[in-house]
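One structure is given here, and the rest of the page talks about it.
The values are calculated or read from the model by the stated rules, or taken from the named source; none is laboratory data. Note that the structure is predicted; figures quoted are calculated from it, not measured. Counting neighbours? That spans all protein chains shown, and the Cβs are built from the backbone with ideal geometry, glycine included.
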């Protein structure tokens, strides 16, 4: 297959230009807190990235961007790889003694909105904390979606790029043009960000800086800067409530908010996936609450608060910890793992399988049971009084099968580090689902227990999960590189 290298290079340069500009707020924060030695890496990376992007874009200024479908997949994968690599240099150049592997891990965790970490948050300079929160926020809606919204010159290529960015549930089209839909998505995203920021600023105990970075990381379902219990466990009940509510909001399908804003409130509340998601969270919370009460681990009200908070954390793939779940009853831990596998809604900032896929898969199982009893019957899978097409049913089955296969491979690779089985399995799920939390030794999201090899494997799992599996794996297949006229 022939690839238009000019178009690919130009598109990736656009993405890197956005990343370079996104470092400026962190540089300003560094100056404000007097962290001049720390911001040198940020400033240099930002400058070189912007200059490089400007040179490439100037060289190919007259070239129109028309991405084909395959090129869209390649651009999506390369864009995420490059932003993670470039995003690692501010950590590496912060004069904090961070290694490249640790810096790449932190950058990948930030961009993929995975709440994992290997560098202690409490010891990070303010400028680096701001950079990580910024990558959380941009990674939440997707830097490619942000690029599409700013660059209408992508034309029809925008559709192919968006398809590669989100190969499962498609980017909801709120307007006739995809670029306008992307802009509306980000307007909603920015609006929710400001609302949460105002709410957290009302909590005088948190402080303005932590209100900002926790807002950026919560609405993107990247988690909160707990981490290890230094900060989050000391949050007030009000702050925990705000963070929990906006974690749910971030994990909801953004089309719901568009319908609410445009006055279609009834239609918004009739969304099948949203109702299923809230039901799952409610049932899981009650199950965990009952488990904590029967184990006599906390008092009743504290048990309820922890059950709801951690159900939201794992169910929205935010992955934050407000309690020591590593010492919870096995039943409660099992429920959390199930929530981590299900994840949030489609067309949201959440990761994992997504509720709509799980709902369809469950209906397929029920239809299979029914067909065993009534083999000659015709029973389509219905979703909101509409039949699910065979193509969608097949894609859901293939996706879940592929997801399970990747979990098995990831667990096998991480097991080389010889951690206990609970830690290994939950760490694999946490990375691939972009949740970031887990059980055992990674219950707080701290992945420093793994070797450099384990950290690289975890980083790759995060990238694969963020690209909805296909964008990363399609490029590795032989058929992807065959000539267009070849049969696949």
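Structure above, values below:
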| quantity | calculated |
| --- | --- |
| Which listed residue, of 279, 304, is without any contact (Cβ under 8 Å) to a residue 24 or more places away in the chain, closer than 17 Å to residue 356 by Cα and in a helix (DSSP H, G or I) | 279 |
| Subset tally (residues that are more than 22 Å from residue 470 (Cβ to Cβ) and assigned to a helix (DSSP H, G or I)) for region 110-127 | 6 |
| Hits in region 447-468 - residues which are more than 18 Å from the chain's Cα centre (by Cα), assigned to a helix (DSSP H, G or I) and without any contact (Cβ under 8 Å) to a residue 60 or more places away in the chain | 453, 454 |
| Residue that is at pLDDT below 95, part of a loop (DSSP other than H, G, I, E, B), crowded, with 18+ Cβ neighbours inside 10 Å and out of contact with any helix residue (DSSP H, G or I) (no Cβ under 7 Å at 6 or more places or on another chain), where the choices are 486, 444 | 444 |
| Number of positions in region 396-421 that are free of Cβ contacts under 8 Å to residues at least 40 places away in the same chain, closer than 21 Å to residue 351 by Cα and surrounded by 16 or more Cβ atoms within 10 Å (Cβ to Cβ) | 3 |
| Wholly within region 1-109, helices (runs of 4 or more DSSP H) carrying at least 2 residues that are free of Cβ contacts under 8 Å to residues at least 12 places away in the same chain, closer than 25 Å to residue 217 by Cβ and in contact with a strand residue (DSSP E or B) (Cβ under 6 Å, 6 or more places away or on another chain) | none |
| Number of the condition not met by residue 179 [criteria: (1) closer than 19 Å to residue 109 by Cα; (2) modelled with pLDDT under 70; (3) part of a helix (DSSP H, G or I)] | (1) |
| Unmet criterion (only one of (1) surrounded by 24 or more Cβ atoms within 10 Å (Cβ to Cβ); (2) closer than 23 Å to residue 475 by Cβ) for residue 131 | (2) |
| Positions within region 329-345 being surrounded by fewer than 22 Cβ atoms within 10 Å (Cβ to Cβ) and under 18 Å from residue 465 (Cβ atoms), in sequence order | 337, 338, 341 |
| Answer from 436, 430 - the residue that is out of contact with any strand residue (DSSP E or B) (no Cβ under 7 Å at 6 or more places or on another chain) and on the phi < 0 side of the Ramachandran plot | 430 |
| Matching residues in region 282-319 - criterion: being under 17 Å from residue 223 (Cα atoms) and under 22 Å from the mean Cα position of the chain (by Cα) | 308, 309, 310, 311, 312, 313, 314, 315, 316, 317, 318, 319 |
| Residue match in region 348-366 (condition: farther than 30 Å from residue 267 by Cβ and either modelled with pLDDT under 95 or buried (at least 16 other Cβ atoms within 10 Å of the Cβ) (or both)) | no |
| Filter result (within 19 Å of residue 425 (Cβ to Cβ) and assigned to a loop (DSSP other than H, G, I, E, B)) within region 332-391 | 343, 351, 352, 353 |
| Index of the failed condition, residue 269 passing every other in (1) free of Cβ contacts under 8 Å to residues at least 24 places away in the same chain; (2) crowded, with 21+ Cβ neighbours inside 10 Å | (2) |
| Residue 304 being at pLDDT 90 or above, closer than 22 Å to residue 441 by Cα and out of contact with any strand residue (DSSP E or B) (no Cβ under 8 Å at 6 or more places or on another chain) | no |
| Enumeration of residues in region 320-344 that are modelled with pLDDT of 90 or more and under 20 Å from the mean Cα position of the chain (by Cα) | 336, 337, 338, 339, 340, 341, 342, 343, 344 |
